[in-house]
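To start, the structure under review is shown below, and the notes come after it.
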Amino acid sequence: MNGSAWQAAVAVKVNVMLAAMIVLAVLSQFFRSSNGVIAPEMMAELHFDAQAIGLSSGAFFVVFALLQVPIGVLFDRYGPRRVVSAMLIFAVIGSGLFAVAHSLGLLVAGRFLIGLGFAGGMVGSLVVLARWLDPMDFTRSMTILFASANLGSLLATSPLSAATEMIGWRATFVVLAIVTAVVAAGFFWLVRDEPPGRQRTAARSESLTASIRGVAEVVRVPGLLRILPLIALGYSSIITIIGLWGGPFLHDVHEVDGLDRGNVLSVLAVAFIAGTLAYGPIQRRVGAFRPVVIGGGIGSAALMLLMALFCDASLYVTLPLLVATCFVGAFSVVLMGHGVALIPSDLKGRGTTALNGVLMGGTAVLQIGSGTVVEAVHDLIGSPSSGYAGFFAVLGLLMVAATIVYLATPEPNQRSRD
């Protein structure tokens, strides 16, 4: 096979693998956001309060965050293809367990196993693409993968709501278990760790303990600590609105049910996708990270505080505020880029994994903690909107604090210790 034919064959293989990775990323994002639509039905059927729903939803992100470093070691030793495919078995079991659960413990266990199953999907896909592609093609494929993954949040709105109305949320998760099994088999069958003719990358002798110690090197990168609070809060705030409390808020405060609730959440998901796509060109035009992130942080905080003030206003008021919040809150894509740019090249791998762990860890803490806030404020004041107003107020104040901490973060070409 001549050079051009070989390159064409590699391009076809990469596109096939990328398609499998996109399906996996969409499914992972779907599971992350799924509780937002079905939460009212779960709360009514199982007599759960907001704190219980927050705990069950946050379990996904807890294990996702904790496994980032161990998964990196497994990738180096056994390859992403085997590790990702094998881990998805836990997601199959978790989705089935979630479907039959009648107690909080089983719901949490189901979400935990789903999170465990998908914890390596995105990172594993990036590792494979990095081995197959040159830096320019890798960046293009990564952008496609990230943008496509957000379709999962959109599918977890109106389509999930329609499925829930047709067959119920339990049967829906049985179907999802089957879909996950098919995706796992497809990933194992279609993806290869290395290009043809290249020997598998040698496994590192570095132990898990040494890898964890290496994370400490990342923490010492000048200016990086200042960015972590906003990384923990930026993405998590939007996914918690779309994927957890948006549905109950629409149900309890505005009496929006069923497919209509899913339609409203789909608008929020589209706004988040549009914001994600818009921030990249904005950052390139500005030519710096800090102004864009600061503007996004301040704008998000202002919108969240307005939501707290007008939480019980007409949907004609709250819906535009929510749409704007999801669009402006997509600044986290620039924020992550800033964090990665600050990390030296010899720490890029573990640094990116560490930042992803902070992002997912922040989401876990916010989803679990927000349930306590919603329940506590509702018990204190008693009105249907009070708990959600308290949630938005706390979210806005935290965003203000995290943005203030971020202010002194240097641009990548101006690194210096504080």
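The values are calculated or read from the model by the stated rules, or taken from the named source; none is laboratory data. Nothing here was measured: the structure is a model prediction, and the numbers come from that model. Counting neighbours? That spans all protein chains shown, and the Cβs are built from the backbone with ideal geometry, glycine included. The accessibility values were calculated without ligands, DNA or RNA, using every heavy atom of the protein model including side chains. Shrake-Rupley method; radii C 1.70, N 1.55, O 1.52, S 1.80 Å.
Remarks
- Complete set of residues in the range 275-292 that are under 22 Å from the mean Cα position of the chain (by Cα), open to solvent by less than 40 Å² (accessible area, probe 1.4 Å) and among the aliphatic types (A, V, I, L, M): ALA278, VAL292
- Filter result for THR363 (surrounded by fewer than 24 Cβ atoms within 10 Å (Cβ to Cβ), touching a residue at least 12 places away in the same chain (Cβ under 8 Å), among the β-branched types (Val, Ile, Thr) and in a helix (DSSP H, G or I)): no
- Considering only residues in the range 370-415 that are crowded, with 16+ Cβ neighbours inside 10 Å, polar (S, T, N, Q) and not in a helix (DSSP H, G or I), the one that is farthest from the chain's Cα centre (by Cα) turns out to be SER385.
- Test for LEU190: is it open to solvent by 30 Å² or more (accessible area, probe 1.4 Å), under 30 Å from ILE167 (Cβ atoms) and modelled with pLDDT of 90 or more: yes
- Subset of the range 222-253 [open to solvent by 10 Å² or more (accessible area, probe 1.4 Å) and hydrophobic (A, V, I, L, M, F, W, C)]: LEU225, LEU228, ALA232, LEU233, VAL253
- Matching residues, the range 24-62, being charged (D, E, K, R) and more than 12 Å from the chain's Cα centre (by Cα): GLU41, GLU45, ASP49
- Among the residues listed as GLY329, GLY339, the single one being under 21 Å from VAL267 (Cβ atoms), touching a residue at least 12 places away in the same chain (Cβ under 8 Å) and crowded, with 23+ Cβ neighbours inside 10 Å: GLY329
- Every test in (1) closer than 22 Å to THR240 by Cα; (2) in contact with a Lys or Arg (Cβ under 9 Å, 6 or more places away or on another chain); (3) crowded, with 23+ Cβ neighbours inside 10 Å is passed by PRO40 save one, and that test is (3).
Rundown of residues vs (1) at pLDDT 90 or above; (2) of a type in the set (D, E, K, R); (3) more than 22 Å from SER33 (Cα to Cα), yes/no style:
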{"residue": "GLY258", "(1), (2), (3)": "no, no, no"}
{"residue": "VAL267", "(1), (2), (3)": "yes, no, no"}
{"residue": "ALA278", "(1), (2), (3)": "no, no, no"}
{"residue": "GLY287", "(1), (2), (3)": "no, no, yes"}
{"residue": "LEU303", "(1), (2), (3)": "yes, no, no"}
{"residue": "PHE310", "(1), (2), (3)": "yes, no, yes"}
{"residue": "SER314", "(1), (2), (3)": "yes, no, yes"}
{"residue": "LEU322", "(1), (2), (3)": "yes, no, no"}
{"residue": "CYS326", "(1), (2), (3)": "yes, no, no"}
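- Scanning the range 235-268 for residues that are among the aliphatic types (A, V, I, L, M) and assigned to a helix (DSSP H, G or I) yields ILE238, ILE239, ILE241, ILE242, LEU244, LEU250, VAL253, LEU259, VAL264, LEU265, VAL267, LEU268.
- Qualifying residue in the range 293-313 (condition: in contact (Cβ under 8 Å) with a residue 12 or more places away in the chain, buried (at least 17 other Cβ atoms within 10 Å of the Cβ), farther than 17 Å from PRO248 by Cβ and touching a Lys or Arg at 6+ places or on another chain (Cβ under 8 Å)): no
- Test: residue in the range 47-54 that is at pLDDT 85 or above and crowded, with 21+ Cβ neighbours inside 10 Å: yes
- Residue selection: ALA130 satisfies the criterion of being in a helix (DSSP H, G or I), free of Cβ contacts under 8 Å to residues at least 12 places away in the same chain and among the aliphatic types (A, V, I, L, M).
- Subset of the range 18-38 [of a type in the set (S, T, N, Q) and part of a helix (DSSP H, G or I)]: SER28, GLN29, SER33, ASN35
- Verdict on PHE60 being at pLDDT 85 or above, in a helix (DSSP H, G or I) and open to solvent by less than 10 Å² (accessible area, probe 1.4 Å): yes
- Tally of residues being within 18 Å of the chain's Cα centre (by Cα) and either open to solvent by 10 Å² or more (accessible area, probe 1.4 Å) or farther than 15 Å from GLY396 by Cα (or both) across the range 315-326: 0
- The one condition in (1) part of a helix (DSSP H, G or I); (2) in contact (Cβ under 8 Å) with a residue 40 or more places away in the chain; (3) open to solvent by 10 Å² or more (accessible area, probe 1.4 Å) that ALA11 fails to fulfil: (2)
- Verdict on ASP260 being over 20 Å from VAL374 (Cβ atoms) and either open to solvent by 60 Å² or more (accessible area, probe 1.4 Å) or touching a strand residue (DSSP E or B) at 6+ places or on another chain (Cβ under 9 Å) (or both): yes
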